[in-house]
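Asker: The following block contains the structure, expressed as structure tokens.
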Amino acid sequence: MKGVAPSSRWDSFRRKLRASLGPWLYVAPAGIVMLIITFFPQAFQVWMAFTDFRIKHLRFNLFNPNTWEQFAPPFVGFANFYKILTNQLAIENYDFWRLLLFNIVWTVTNVFFHVVLGVGIALALNSRGLKGRRIYRALFVLPWALPGYITALTWRNMYDPRFGAINQLIEVINRTFGTSFPTDTRWLEVAQPPIGGPLSFLPLSFYCVLLANIWLGWPFMTVVATGALQAIPEELYEAASIDGASGWQKFWKITVPLIRPAMVPAIMLGTIWTFNQFNVIYFISGGGPFGRTEILVTQAFKLVYEQRLYGVAAAFSLVVFFILLIITLINNRITRATEAYYA
Amino acid sequence: MHKGKAILRQIALHLFLLAVTAFVLFPILWIVSLALDPRNIDKPLELRLIPPGASLHAFRKILFEPFRLLCRNPSDISTCMTFSKLLFNSLLVSLGTSVIAVILGASAAYAFSRFQFIGREAGMLGFIVLLMLPASATLAPLYVLLSQIKIGGEPLRATLPGLMLAYGSGALPFSIWNLKGYFDTVPRELEEAALIDGATQLQVFRHVVIPLSAPAIAVTILFGFMSGWTEFILAWTFLENPSRFTLAMALRAMQGQFATPWSEFAALSILMSIPVVLLFFALQRYIVSGLAMGAVKG
């Protein structure tokens, strides 16, 4: 663009701006709701993170100036963040960097299994001439249909060392096949890692919460993938068959590229949800043993409800926010999810 | 030879799907067994679907007796909530959430998918970014904010429409991203043809894009419904009048006591999953709509 005068560049920008108005009108209703319901509270949260907000400041009301002088929390700058990142919080077993590493391992393993199982099962259910498809599909939404914390409580009870279903199941297997697996494993309390080497920072309870969360998470991916599979015209597979493509080739050359636009958003959101998956960790392992299955949000929750350190908890949420933001931006770079398809 | 291969494939598929079914049903059958157990225990003592002395008493109690924990006036049983009233509130909130998520979401997603405009990428990221602060942390500020907005002398926070808005905004990021991804796969040529035939942009959106995106719309409705159906923390903090309580809140109320009535707790959880499965059954047709066309041709 050699020789374009500044004024004409400004003109073209104005033209673009005017052309952007229409699309923004489509976005506006959703944008306004999000602004009021989600953005303002989050902004308040950001302010809290820089104060030493404690229980005595709860009567502070942003909209009532009378409460300002008496109840406004003191401004402390970055002190909360400094304490969080340098492990200076008075919580048992607290180590920020271990928490972060665990949180990332937790998210990656979960999302991997959710997507692989979700897409795999959607494909199986989609195969031609399958009998009982509707019954399978209806049964498979059940983990999603039950209230999340009910299933979390159920899984916790299933891991009970004395009366839990897992140990009872092992007993049945022992009786049936004459094996002798232990039937009194304390699934959520054993500190000795089941797999050594580089994975020795993962206690047995990690595999337990992982299994529970896989159970909870894949039906969502199956539903999204089922919808996406419908967008693929049958003719493509027929044409590929005529050209002599194998099933595996058809999967990688047709199915994967064509369900990708629909799966990418689900995967990005799945990553955020799993990263902040509170119910499963809090109700099943409770972060144990020795805080080794604690994730960042459960730790933030403990800061609020056990220590009543609202300011520190807000700062903690902000740290979680920035980590997720970085992950999402990297994700977006790789998957190009925000690009307009027909740009 | 070819036919034998097809039968083998069917058998393998069913073996796989039955294994998945077993995995899915194992914890659920456990909840069923609790609901049938008259002993009110928090876990069955042995692996049996039908416990000794099994009865439907818990289901009967939930369905036909008033909830003594949720009353406007605890001494007057007629002011207590019943299953049908709770169900009505739950349906209202969940369907309202779905409507907000689908209508506002589809509109925004269409712009993000079809137009090249200033701030598009930032706008899309903006919606998802708001999900990243842990929800539990925003409860208190949202409470303060929605208490300031008054409708008919009542704070918006304590009303069911307020709850719908809060859940709807939680469901919007998924709704927008999911629909945008699907709209991307709808061929643009169809829209262009309609535009040439003299349809307006809005007509194209309503009569071409929306019908072709039925699977993604159905998934979004289901998702919006689910987020309103099972949430209780926000509702518990915001609502004051028991006559507006939802089923998820009733479930929570049972756990708050000295001794949880486990059988009723389990029975209510099972009853709560039924409408979701029914909704899924109703929507399934749309989620798998393309399949029928393929089957006719094949």
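The values are calculated or read from the model by the stated rules, or taken from the named source; none is laboratory data. The structure presented is a predicted model; accordingly, all values stated were derived computationally and were not measured. Note that each Cβ is placed from the backbone with ideal geometry, even for glycine, and that neighbours are counted across all protein chains shown. Each accessible area value is taken on the protein alone, full model and side chains, heavy atoms only, with ligands, DNA and RNA left out. Shrake-Rupley method; radii C 1.70, N 1.55, O 1.52, S 1.80 Å.
Asker: Can you sort B:Asp184, A:Asp11, A:Asp184, A:Asp160 by solvent-accessible area, 1.4 Å probe, largest first?
Answerer: Largest accessible area first, the residues go A:Asp184, A:Asp11, A:Asp160, B:Asp184.
Asker: Quick one: length gained pulling A:Ala28 to A:Arg15 fully straight, 0.36 nm per residue minus the C-alpha distance?
Answerer: 2.7 nm
Asker: When only Cα pairs under 8 Å and 6 or more residues apart are kept, what is the percent relative contact order across segment A:248-343?
Answerer: Taking the mean separation of contacting Cα pairs over the length of segment A:248-343, I get 23 percent.
Asker: Please list A:Phe81, B:Phe281, A:Phe181, B:Phe225 from largest to smallest accessible area, probe radius 1.4 Å, with all protein chains kept in place.
Answerer: A:Phe181, B:Phe281, A:Phe81, B:Phe225
Asker: With the Cα gyration tensor of the protein assembly as shown giving a ≥ b ≥ c as the square roots of its eigenvalues, does the rule (a/c under 1.5 for rounded; else a/b larger than b/c for prolate; else oblate) give rounded, prolate or oblate? Could you put the intermediate results ahead of the total?
Answerer: Details: a/c = 1.42, a/b = 1.06, b/c = 1.34.
It is rounded, given that a/c, with a ≥ b ≥ c, falls under 1.5.
Asker: Give me the 1.4 Å probe accessible area per residue for the protein assembly as shown, excluding ligands and nucleic acids, in Å².
Answerer: Numbers: 30060 Å² over 641 residues.
That works out to 47 Å² for each residue.
Asker: While we're on this one: Any idea what the alpha-carbon Rg over 2.2 N^0.38 Å comes to for segment B:24-85?
Answerer: For segment B:24-85, the normalised Cα radius of gyration is 1.40.
Asker: Hey, any idea what Rg/Rh is for chain A, computing Rh the Kirkwood way over Cα pairs?
Answerer: Computed over Cα atoms, the ratio is 1.05.
Asker: Counting only C-alpha contacts under 8 Å and six or more residues apart, can you give the relative contact order of segment A:181-289 as a whole percent? Intermediate results must be reported in sequence, preceding the final value.
Answerer: Details: 66 pairs, mean separation 37.2, N = 109.
Reported relative contact order: 34 percent.
Asker: A further question on this structure: Hey, what did chain A get for relative contact order, percent, Cα under 8 Å, at least 6 apart? Write out the running numbers ahead of the final one.
Answerer: Working: 330 pairs, mean separation 84.3, N = 343.
So the answer I get is 25 percent.
Asker: Let me ask another. Give me the summed buried accessible area for the A-B pair, 1.4 Å probe, to the nearest 100 Å².
Answerer: Looking at A and B, the buried total is near 9600 Å².
Asker: Can I ask one more? Obtain the nm distance between the two label points defined at B:Arg72 and A:Phe177 by a simple spin-label model: each point lies 7 Å from its Cα along the Cα-to-C-beta direction.
Answerer: In this crude spin-label approximation the distance works out to 6.0 nm.
Asker: Quick one: if you take sqrt(5λ) for each eigenvalue of the C-alpha gyration tensor of segment B:206-282, what semi-axes come out, biggest first, whole angstrom?
Answerer: For segment B:206-282, the ellipsoid semi-axes come out as 32, 15, 8 Å.
Asker: Follow-up. Give the long-range amide H neighbours of B:Leu70: residues separated by 5 or more places, or on another chain, with amide H under 5 Å away, using H modelled in the peptide plane at 1.01 Å from N.
Answerer: B:Met81
Asker: Related question: How well do other chains shield peptide A:225-237, expressed as the mean number of their Cβ atoms within 10 Å of each residue Cβ?
Answerer: On the way: counts 1, 8, 17, 7, 5, 14, 11, 3, 4, 8, 2, 0, 2.
Partner Cβ neighbours, averaged per residue: 6.
Asker: Test of understanding: express the Cα radius of gyration of chain B as a ratio to 2.2 N^0.38 Å, with N the residue count. It would help to have the intermediate numbers written out before the result.
Answerer: Working: Rg = 23.6 Å, N = 298, 2.2 N^0.38 = 19.2 Å.
Output field value: 1.23.
Asker: Next question, about the same structure. HN-Hα J couplings of segment A:182-194 from phi, Karplus 6.51/-1.76/1.60, θ = phi - 60°, integer Hz, Gly and Pro as x?
Answerer: x, 10, 10, 5, 8, 3, 8, 10, 5, 8, 5, x, x
Asker: Could you check which residue among B:Met249, B:Met226, B:Met132 shows the biggest mean-square fluctuation in a GNM of chain B with a 10 Å Cα cutoff?
Answerer: Ranking B:Met249, B:Met226, B:Met132 by mean-square fluctuation puts B:Met132 first.
Asker: Please list, in order along segment A:66-83, the HN-Hα scalar couplings obtained from phi with the Karplus expression 6.51 cos²θ - 1.76 cosθ + 1.60 (θ = phi - 60°), rounded to whole Hz, x for Gly and Pro.
Answerer: 4, 8, 5, 4, 7, 10, 5, x, x, 7, 10, x, 8, 4, 4, 5, 4, 4
Asker: Work out Dmax and Rg for segment A:44-95 from the C-alpha atoms and quote the Rg first, both in angstrom.
Answerer: 13.2, 41
Asker: Now a separate question. Where a Cα-Cα gap under 20 Å defines reach, which aspartates and glutamates qualify for A:Lys56, not counting those fewer than 8 residues away within the same chain?
Answerer: List returned: A:Glu69, A:Glu306.
Asker: Follow-up question, since we're still on this one. Please flag any cysteine in the protein assembly as shown that has no other cysteine's Cβ under 4.7 angstrom from its own Cβ.
Answerer: Singleton cysteines: A:Cys208.
Asker: Which of the three applies to segment B:71-136, rounded, prolate or oblate, going by the alpha-carbon gyration tensor with a ≥ b ≥ c and a/c under 1.5 meaning rounded?
Answerer: Prolate, since a/c reaches 1.5 and a/b exceeds b/c.
Asker: Please report, in debye to the nearest 20, how large the charge dipole of segment A:92-144 is about its Cα centre when each Lys and Arg carries +1 at its beta carbon and each Asp and Glu carries -1 there.
Answerer: With only Lys, Arg, Asp and Glu charged at Cβ, the dipole is about 640 debye.
Asker: Quick check on chain A: helices-only [θ] at 222 nm, where DSSP H runs of length 4 and up contribute -39,500 (n - 2.57) each and the sum goes over total residues. Nearest 500, please.
Answerer: Result for chain A, helices only: -20000 deg cm²/dmol.
Asker: Using the crude model of +1 on Lys and Arg Cβ and -1 on Asp and Glu Cβ, and no other charge, please compute the dipole size for the protein assembly as shown relative to its Cα centre, in debye to 20.
Answerer: Computed charge dipole of the protein assembly as shown: roughly 680 debye.
Asker: How many percent of the accessible area of segment A:156-300 is carbon or sulfur, using a 1.4 Å probe?
Answerer: Details: 3890 of 6180 Å².
Whole-percent figure for carbon plus sulfur exposure: 63.
Asker: Looking at the square roots a ≥ b ≥ c of the eigenvalues of the Cα gyration tensor of segment A:134-256, which shape do they give, rounded for a/c under 1.5, prolate if a/b is larger than b/c, or oblate?
Answerer: It is prolate, given that a/c is not under 1.5 and a/b is the larger ratio.
Asker: Based solely on C-alpha atoms, express the radius of gyration and the Dmax of segment B:1-118 in angstrom.
Answerer: According to the Cα coordinates of segment B:1-118, Rg and Dmax are 24.3, 76 Å.
Asker: Describe numerically, in nm with one decimal, the distance between label points set 7 Å from Cα along Cα→Cβ at B:Leu49 and at A:Ser127.
Answerer: 2.6
Asker: Roughly what would the spin-label model give for A:Val190 and A:Arg260, points 7 Å off Cα along C-beta, in nm?
Answerer: So the label points at A:Val190 and A:Arg260 sit 4.2 nm apart.
Asker: Among B:Gly152, B:Gly53, B:Gly96, which one moves the most in a GNM of chain B with springs linking Cα atoms closer than 10 Å?
Answerer: Looking only at B:Gly152, B:Gly53, B:Gly96, the biggest GNM fluctuation is shown by B:Gly152.
Asker: Helix by helix through chain A, keep the DSSP H runs that span 30 Å or more along the axis on Cα and average at least -0.5 on Kyte-Doolittle, and give those back in order.
Answerer: Counting only whole DSSP H runs, the qualifying helices are A:6-34, A:96-126, A:204-229, A:310-335.
Asker: R0 = 30 Å: FRET efficiency of A:Ala90 with A:Trp68, Cβ-based, nearest 0.05?
Answerer: 0.55
Asker: Taking 10 °C and 1.306 mPa s as the conditions, I'd like the Stokes-Einstein D for segment A:279-329 in µm²/s, using the Kirkwood hydrodynamic radius from alpha carbon pairs.
Answerer: After rounding, the answer is 137 µm²/s.
Asker: How much length is gained if the chain between B:Ser243 and B:Thr260 is pulled fully straight, taking 0.36 nm per residue apart and subtracting their Cα-Cα distance, in nm to one decimal?
Answerer: Taking 0.36 nm per residue and subtracting the Cα distance, the gain is 3.9 nm.
Asker: So how exposed is B:Tyr143, as accessible area in Å² (1.4 Å probe, rounded to 10)?
Answerer: 80
Asker: Still on this model: Pop the C-beta distance of A:Leu100 and B:Thr82 into the FRET formula with R0 = 41 Å and round what comes out to the nearest 0.05.
Answerer: About 0.30, to the nearest 0.05.
Asker: Grab the other residues whose beta carbon is less than 15 angstrom from that of A:Asp95, score K and R as +1, D and E as -1, and report the net.
Answerer: Taking every other residue near A:Asp95 into account, the sum is +2.
Asker: Another question about this same structure. Once phi is turned into θ = phi - 60°, what whole-Hz ³J(HN,Hα) does the Karplus curve with 6.51, -1.76 and 1.60 give for every residue of segment B:53-66, x standing for Gly and Pro?
Answerer: Each residue's phi maps through the Karplus curve to give x, 4, 8, 8, 3, 4, 5, 4, 4, 4, 6, 10, 9, x Hz.
Asker: Counting partner chain Cβ atoms within 10 Å of every residue's Cβ in A:46-54, what's the average?
Answerer: 1
Asker: Still on this structure, please answer the following. Scattering from the C-alpha atoms of segment B:161-298 alone, worked out with Debye: what is log10 I(q)/I(0) at q = 0.16, 0.17, 0.18 1/Å?
Answerer: Here the Debye-derived log intensity ratios amount to -0.96, -1.02, -1.09.
Asker: Rounded to a whole number of µm²/s, how large is the Stokes-Einstein D of segment A:69-167 at 20 °C and 1.002 mPa s, given Rh as the Kirkwood radius over C-alpha pairs?
Answerer: Roughly 114 µm²/s, to the nearest whole number.
Asker: If A:Arg98, B:Arg48, A:Arg333 are ordered by their accessible area, calculated over protein heavy atoms with a 1.4 Å probe, which sequence runs from highest to lowest?
Answerer: Working: A:Arg98 70, B:Arg48 115, A:Arg333 190 Å².
Heavy-atom accessible area, descending, gives A:Arg333, B:Arg48, A:Arg98.
Asker: Hey, could you get me the Stokes-Einstein D for segment A:112-170, Kirkwood radius over alpha-carbon pairs, 25 °C and 0.890 mPa s, rounded to whole µm² s⁻¹?
Answerer: 178
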